[in-house]
Amino acid sequence: MKDLQWFPPIPEPRAASAPPVIGSLIVAAGLGGLLLARGHRLMAILVWVAILLLTLGLTSPVLREQIFRAARWFGAGAGYVTTRAVLWPFYVVVFGAIRLVLIVARIDLLGLRFQAEQPSYWQPAAPERKRAKYYDRLFTVEAARQESHLLAWAVAILAFALILAGCSELLLRSLGFGDPIVYRVDPRIGYYPAPHQDVHRYGGEIHINAFGMRSRVVTAEKPVGTFRILMLGDSTLYGGSYIDQSQTYASRLETLLNQEPGRLPHLPRQAEVLGMGVNGWGPQHQLAYVKQFGLFHADLVMVMGPPDDAYRARYGISQMPFFVEGHRPHLAWQEFGQHLLWELNLRLTGATETFESGARAREVLADGVAAWLGIVTLAQQQGARVDFELLPSEEAARKGLATESTQHVLDAMLPELATRQVPEAYPLKYFRSNLGVPKFYHDGAHLDEAGHRIYALYLRDRVWQLASAE
C-alpha cells in the first residue's frame with residue numbers, strides 16, 4: 001500500500017507560450033473590434049472582458065485562482081438554476097404523469113412490480129473475483145504503470161476544436177453571418193441584389209423583390225388609383241441590415257402617405273414607395289438601372305443619398321465584401337473570413353482610396369453629375385416629376401456647413417437642376433436640429449432607427465409640398 005500514490009495532487013496548469021497567447025489575444029481583440037464596427041456593442045464588450053480576464057489569469061496566479069473560483073461558482077449556480085427552471089418541471093410533469101398512468105393501468109414494463117413470477121430485466125452483479133481486479137484502480141494511481149496517452153490527447157484536442165468550431169459557428173450565425181444578401185453581377189448596371197431573397201441579419205428583416213429592390217412585392221405596371229414614388233439611392237436608402245425593413249424611411253414614408261392619401265395629386269386610393277437603394281451605388285448605377293428596368297410608371301422619382309455619391313464609379317461594391325448569386329456561403333465562418341480578408345486586401349492594395357480628391361476628381365464628378373441629369377431627362381420624357389433629396393453627413397450637420405467635396409457637388413449640380421426646373425433639398429438645418437436625438441445617426445453617413453423615423457416625417461411633408469405645387 002505504501003508504494004501506491006493516493007489521490008495525487010493535480011499539477012498547476014503551465015502558462016501558455018507567449019506567441020500562441022499573443023496571437024490569440026490579437027485575434028480576439030480583432031473580433032471585438034469587428035463586432036463594434038458592425039454595431040454589436042454588447043458582444044464587443046463581452047469579448048474584450050473575456051480577453052482581459054484571460055490576460056489577468058495568465059499573468060497572475062493569485063488572480064487566476066480567483067477567476068477559477070468565480071467561474072466555478074458561476075457554473076454551479078447556472079447549472080442549479082437551469083436544472084430547477086428547465087429539467088425539474090419537465091421531470092415532474094412528464095415523468096410524473098407517465099408514472100401515474102402506469103400505476104393506474106397496472107402496467108409493469110420491466111416485470112418488477114405486479115408480475116413477480118415473470119422474468120426480470122434486472123441482472124445479478126458480477127462475481128467478486130471478477131470485480132476484485134478493478135478495486136485498486138478506483139481511488140489510486142500506480143506511478144509505475146503511468147503510460148503515455150497521445151491518442152487520448154489527440155482525440156481530446158480534436159473534440160475540443162470541433163466543439164469550439166461549432167460554438168463559434170452558432171455565435172456568428174446569431175450575429176447574422178452565414179446568410180448574406182447575394183448580388184447579381186450585371187454588365188450594364190454593375191451589380192444589384194439578386195431577386196427574391198428573404199434574409200434575417202443583425203436583427204433586421206430584409207426582403208428583396210423581383211426587381212432587386214428592398215421593398216415589398218410590386219408589379220412593373222402601376223395599379224390603378226395609385227400614386228407611385230420611385231426612390232433611387234445608395235446604402236443610406238437601403239437602410240443597412242441593422243434596420244428592419246419596416247423601419248426604413250422608404251417604408252415609413254409609404255405608411256405616412258397612406259394615412260392621408262387625399263393630400264396627393266388626383267386623389268389616389270393609395271401610395272406606393274419603391275426603394276431601390278444598393279450598397280455602394282452611385283449615379284452611374286442608378287441611371288443604368290432605370291434604363292434597363294424603366295421608371296415603373298412612377299409619378300415622382302426621388303434621387304436620394306449623400307451628394308458625394310457623385311464621385312462613385314461603376315466598377316464594383318466600394319469597400320464592401322459581397323457574394324455573387326449562386327455562390328452563397330455554406331458556413332458563417334466562410335463569410336466572416338471573407339470580411340477579414342476583404343478588409344486586409346483593401347489596406348494592402350490601397351483600394352480604400354476615394355475619388356473625392358486627386359487629379360481626376362473633377363472628371364469623375366462631371367461624369368456623376370451627367371448621370372444624375374440623365375435620370376432627370378429620362379423621367380421628364382416620361383412625364384414623371386423629379387426631386388433630389390441630398391442627405392447631409394453627420395460631420396456636415398454638426399458643423400452646419402457642407403464639406404469641401406460636398407460643396408463641389410452642390411456647385412456643379414444645383415445650377416443644372418435649376419435650369420431644368422427640378423426641385424432639390426439639402427436639409428442641413430433640419431438634421432442639425434435633430435442631432436441630440438438618441439440613435440439618429442448609426443455612423444458618419446447612415447441613419448439609425450430614430451434617424452429613419454424622423455427623416456420619413458420630413459419626406460412626407462416634402463412630398464406634400466411637391467404635390468401641392470402641381
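The values are calculated or read from the model by the stated rules, or taken from the named source; none is laboratory data. Not measured: the values here are computed from a predicted model. Here Cβ is always computed from backbone atoms with ideal geometry, including for glycine, and neighbour counts include all displayed protein chains.
Of R188, R173, R214, R201, which residue is over 18 Å from the mean Cα position of the chain (by Cα) and in contact (Cβ under 8 Å) with a residue 40 or more places away in the chain? Show your work before the answer.
Numbers: R173 fails: over 18 Å from the mean Cα position of the chain (by Cα); R214 fails: over 18 Å from the mean Cα position of the chain (by Cα); R201 fails: over 18 Å from the mean Cα position of the chain (by Cα).
Matching residue, one of R188, R173, R214, R201: R188.
Evaluated against (1) assigned to a helix (DSSP H, G or I); (2) over 20 Å from P265 (Cβ atoms); (3) aliphatic (A, V, I, L, M), L435 falls short on exactly one condition, (1).
When you go through P265, P195 one by one, which is the residue that is under 30 Å from Y311 (Cβ atoms) and assigned to a loop (DSSP other than H, G, I, E, B)? Quick ask: steps written out before the conclusion?
Values: P265 fails: under 30 Å from Y311 (Cβ atoms).
Of the residues listed, the single one that is under 30 Å from Y311 (Cβ atoms) and assigned to a loop (DSSP other than H, G, I, E, B) is P195.
Got a number for residues in the range 230-267 being of a type in the set (A, V, I, L, M) and under 13 Å from D448 (Cβ atoms)? Of the residues in that region, 1 qualify.
Here the condition is being touching a residue at least 60 places away in the same chain (Cβ under 8 Å), among the charged types (D, E, K, R) and surrounded by fewer than 20 Cβ atoms within 10 Å (Cβ to Cβ); of E424, E404, E449, it holds for E449 alone.
Taking the listed residues W372, W342, the one that is in a helix (DSSP H, G or I), touching a Leu at 6+ places or on another chain (Cβ under 8 Å) and either modelled with pLDDT under 90 or not aliphatic (A, V, I, L, M) (or both) is W372, with no other qualifying.
Residues in the range 448-464: is at least one assigned to a loop (DSSP other than H, G, I, E, B) and over 29 Å from Y202 (Cβ atoms)?
If we filter the range 448-464 for residues that are assigned to a loop (DSSP other than H, G, I, E, B), which is where we start, we get 448.
Cutting the leftovers down to over 29 Å from Y202 (Cβ atoms) gives us none.
No, the range 448-464 has no match at all.
One residue is enough: does the range 241-255 have a residue meeting the conditions surrounded by 19 or more Cβ atoms within 10 Å (Cβ to Cβ), closer than 19 Å to F322 by Cα and out of contact with any Asp or Glu (no Cβ under 7 Å at 6 or more places or on another chain)? Yes, the range 241-255 contains at least one residue that is surrounded by 19 or more Cβ atoms within 10 Å (Cβ to Cβ), closer than 19 Å to F322 by Cα and out of contact with any Asp or Glu (no Cβ under 7 Å at 6 or more places or on another chain).
What are the residues in the range 390-401 that are closer than 22 Å to R362 by Cα and crowded, with 21+ Cβ neighbours inside 10 Å, if any?
Applying the first criterion (closer than 22 Å to R362 by Cα) to the range 390-401 yields 390-393, 396, 401.
Listed by number, the residues that qualify are L390, L391, P392, S393, A396.
Quick check on G280: is it surrounded by fewer than 16 Cβ atoms within 10 Å (Cβ to Cβ), farther than 22 Å from V422 by Cα, in contact (Cβ under 8 Å) with a residue 12 or more places away in the chain and not polar (S, T, N, Q)?
Values: surrounded by fewer than 16 Cβ atoms within 10 Å (Cβ to Cβ): no; farther than 22 Å from V422 by Cα: yes; in contact (Cβ under 8 Å) with a residue 12 or more places away in the chain: yes; not polar (S, T, N, Q): yes.
So G280 does not fit the description; no.
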